[in-house]
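A quick write-up on the structure given underneath.
The values are calculated or read from the model by the stated rules, or taken from the named source; none is laboratory data. Quick caveat, the model's predicted, so the values are computed rather than measured. Note that we place each Cβ from the backbone using ideal geometry, even for glycine, and neighbour counts take in every protein chain shown. Ligands, DNA and RNA are stripped out before the accessible areas are found, and what is left, the full protein with its side chains, is counted by its heavy atoms. Shrake-Rupley method; radii C 1.70, N 1.55, O 1.52, S 1.80 Å.
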Amino acid sequence: MFGYTAAGTRDNTAEKTLNPSNVGTLVKDWSFIAGNAVQTTPAIMNGVIYFGSNDRKLYALNASTGKLIWSYTTGLDVIGSPAVANGVAYVGSNDKKLYALRASTGNCSGRILPVQMLWVP
């Protein structure tokens, strides 16, 4: 589901940690600048954040430090959110391919599949 709800509102009604009285106490632990806009929702697995960017890359960052672990360049922008399972990071690119990368290294597992991209409003 895109944006947490069917309407894409990103409104998590189960969120009880942040509220108007404590949000002002938040501090930034780290930041990362990608080569272009980031439109994807990140996937987080085993202390690693995976996300795509309009610079054609899938990134893997250390979730605690924000340091780059690896990046992989696809054929076109990565605007779809990645999925991670069984040691493999999957992501689609606007080049109409589905990439399967080793989650630990970003090396291509040999699986780049052509896919039919569908847009569902």
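Quick rundown of the values:
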item	result
Cα gyration tensor shape of region 1-55, rounded if a/c is under 1.5, else prolate or oblate by comparing a/b with b/c	oblate
Theoretical FRET efficiency, 1/(1+(r/R0)^6), r = Cβ-Cβ of Ala14 and Ser81, R0 25 Å, to 0.05	0.80
Histogram of C-alpha separations across region 19-83, 10 Å bin width, %	22, 46, 24, 8, 1
Per residue accessible area in Å² of the chain, where ligands, DNA and RNA are left out and the probe is 1.4 Å	67
For Trp70, distant residues with modelled amide H under 5 Å away	Ala60
Accessible carbon and sulfur surface of region 66-108 relative to its total accessible area, %, 1.4 Å	51
Where the Cα pairs of the chain fall when distances are cut into 5 Å bins, in %	2, 10, 18, 20, 20, 14, 9, 4, 2, 0
Apportionment of accessible area to carbon and sulfur, region 1-41, percent (1.4 Å)	56
